[in-house]
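Asks: One structure, pasted below without further comment.
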Amino acid sequence: MKRLVAILLSTATGLLLLGSSGSAIAATSTTKALTETATCAFQVSFTWSGYSGQRDVASLKLYGSDGSSSRLLGFYDGLGVSGRSGSISHIFTRSASDSKLDFTGFVSLAGSRGKILYSGFTNTIADLCT
């Protein structure tokens, strides 16, 4: 009987699948974060390992929400990254007109043919941008 064992790797998202012989079939790991580096400057960071591909696309997005609707404020793509392991970050600078918004990051890793390998939202930061 084959056994499937799932292990959460620290605070990162990870999955280790073991076959009946105990050999590793696949292991992936991701971390993502949104930090405010200065007033109205938000850094979206994404680190990954264990995916396939060598010409993948890592994408970062910053969204703003006023409580009733949200909108895309900026995006950044890293082209030709390795799915085996890598990291990317970008600082999005906003103006004071973005006051009283909740900011959330979004990250994704897609294969060279467009298949999404991973996607997820970061934490949210409420900020006055003043």
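Asks: I want to confirm something. Restricting to segment 64-112 and keeping residues that are crowded, with 20+ Cβ neighbours inside 10 Å and aromatic (Phe, Trp, Tyr), which single residue is nearest to GLN43 (Cα to Cα)?
Replies: The extreme case among them is PHE92.
Asks: If you take just the strands (runs of 3 or more DSSP E) that sit entirely in segment 34-130, which of them hold at least 2 residues that are β-branched (Val, Ile, Thr) and at pLDDT below 95?
Replies: Details: elements: 41-49, 56-65, 70-81, 85-93, 101-110, 116-127.
The strands (runs of 3 or more DSSP E) meeting that bar are 116-127.
Asks: Additional query: State whether the residues of segment 101-117 include one that is at positive phi and touching a Cys at 6+ places or on another chain (Cβ under 8 Å).
Replies: Residues of segment 101-117 that are at positive phi, as a first pass: 114.
Retained after the next criterion (residues that are touching a Cys at 6+ places or on another chain (Cβ under 8 Å)): none.
No: segment 101-117 contains no residue that is at positive phi and touching a Cys at 6+ places or on another chain (Cβ under 8 Å).
The values are calculated or read from the model by the stated rules, or taken from the named source; none is laboratory data. Predicted model only: the values in this text are computed from it and were never measured. Methodologically, a virtual Cβ is constructed for each residue, glycine included, from the backbone with ideal geometry; neighbour enumeration extends over all protein chains shown.
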